[in-house]
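Heads up, the thing below is written out as structure tokens.
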Amino acid sequence: MTDRLYYTDPALLEFDAMVASCDMVDGRIIVVLDRTAFYPTSGGQPFDVGTLGTARVVDVVDLEPHRVGHVVDRELPVGSAVHGTVDKARRFDHMQQHTGQHILSAAFDRLFHARTVGFHLGAEVSTLDLDKVLNAESLGKAEADANRIVWENRPVTIRFASEEEAASIQLRKESTRTGELRLIDVAGFDVSACGGTHVAHAGEVGIVALKSWEKFRGGMRLEFVCGGRALADYRVARDAVAGCIRLISVKPQDLPAAIERAQGDNKDLRRVIRDLQEGLAVFEAGVMVERGKRVGSVTVVLEIAAGVDQAGLKTIATSAVARGGIVAGLLSDAEPVLVVLARSADVQVDVSAILKTLIGQAGGKGGGKPELAQGGGMTGTSAAVLAALHTLIEGALLPSP
């Protein structure tokens, strides 16, 4: 049995103990001590890390019966004395978040009879699951009430009670544990059975801040941060808002409306640009058709379009063949080469078959339909691909001798 020192003194970060056992389990070295201040993963709260002598503690787990296992990076001699040190920053962060959760859960329960049915302390944010859906105004009221308790710096004490004694105490949530219960008491506000680590005064939580919320399993899942995490989250938001303000030159409270206006303006500009591009494509298609060469009764338009992407090549090609009696093949000037082939409805040529043959010669991939095909990733220069394409189109248009 391991004496859990954190049960009575969560602020204890250094201790001396004896190594009771050291075993290899599933490729991990697990050390059991006669006493420990290291908290194992339990009740939604993650484990502590730190050192045992020269060994690093990388995980802490509950073992049956009533033992705590320390996963370490090297073996420790059984029966030896060892000095343990718990990582202070991680422990205090967990204490802030877990105590903040108790206070926040109590606020929801007191104000709206919304019960906490789930809690998880994550690496960056914590989540709280409620059994009912609340609106934003109610969430804000609970958040404010939780912070009132924090700023009043109410004492947070640990006490133990038998099952009979616990039955006479108004616990926020009925415990399923049997035997003696460990109770966390936020003076005059909340009493809950809990085995986790907590601060001694609510003021150490600093602040309780809701980040986001969503409907979840008939209730709600909330994301929240406390203390140091809340400060870090504020700094991210502050820097992001400051950056936006420098770009848009508005007051912080006017930022959402300014972004909405900018999005509307951007949508209008994209529409204008699209119309201009379509008009330019029609013009360029006309110029290319004038430069086209007659092969039998068909005008063949073969061009390398500088600085045009595949969407642009397609727009120009389809605009060209809309005139009738035309086969168009447009290539990019960048390598690997992009190709778009199109033909007019009155021309009986399968451009997808031509593209398939071209891919067999120049590599790449692509496909399409008899009237429109496109491909890319072709090796060689644009000029070389253009020459090969010219031969293939001409061969498809001219009757075999």
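The values are calculated or read from the model by the stated rules, or taken from the named source; none is laboratory data. Every value quoted in this text rests on a predicted model; they were computed, and no experiment measured them. Positions of Cβ are generated from backbone atoms using ideal geometry, with glycine treated the same way; all protein chains shown enter the neighbour counts.
Computed values, structure above
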item	result
Qualifying position, being in the same structural domain as L389 (by TED's automatic domain parsing), outside any loop (DSSP other than H, G, I, E, B) and surrounded by fewer than 21 Cβ atoms within 10 Å (Cβ to Cβ), among T318, T299	T318
Search result, residues across region 36-58 that are in a strand (DSSP E or B), in contact with a helix residue (DSSP H, G or I) (Cβ under 7 Å, 6 or more places away or on another chain) and more than 17 Å from S126 (Cβ to Cβ)	T36
Count of region 145-166 residues which are out of contact with any Cys (no Cβ under 9 Å at 6 or more places or on another chain), in a helix (DSSP H, G or I) and within 20 Å of L210 (Cα to Cα)	6
Hits in region 343-380 - residues which are buried (at least 17 other Cβ atoms within 10 Å of the Cβ), part of a strand (DSSP E or B) and among the charged types (D, E, K, R)	R343
Sole residue being small (G, A, S) and either within 25 Å of R274 (Cα to Cα) or within 42 Å of the chain's Cα centre (by Cα) (or both), chosen from G375, G296, G325	G375
Condition met for A114 (assigned by TED's automatic domain parsing to the domain that holds R172 and touching a Lys or Arg at 6+ places or on another chain (Cβ under 8 Å))	yes
Enumeration of residues in region 338-393 that are within 16 Å of I304 (Cα to Cα) and of a type in the set (S, T, Y)	T379, T381, S382, T391
Selected residue (criterion: farthest from the chain's Cα centre (by Cα)) from residues of region 167-220 that are free of Cβ contacts under 8 Å to residues at least 12 places away in the same chain and outside any loop (DSSP other than H, G, I, E, B)	A167
Which numbered condition A240 misses (of (1) within 27 Å of S105 (Cα to Cα); (2) among the small types (G, A, S); (3) within 20 Å of the chain's Cα centre (by Cα))	(1)
Selection from region 238-293 of residues that are closer than 30 Å to L398 by Cβ and loosely packed, with under 10 Cβ neighbours inside 10 Å	E290
Residues being part of a helix (DSSP H, G or I), surrounded by fewer than 24 Cβ atoms within 10 Å (Cβ to Cβ) and not aromatic (F, W, Y) - total across region 108-144	11
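Residue-by-condition table, conditions (1) out of contact with any Gly (no Cβ under 7 Å at 6 or more places or on another chain); (2) surrounded by 12 or more Cβ atoms within 10 Å (Cβ to Cβ):
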| position | (1), (2) |
| --- | --- |
| R154 | no, yes |
| S162 | yes, no |
| T176 | yes, no |
| R182 | no, yes |
| D185 | yes, yes |
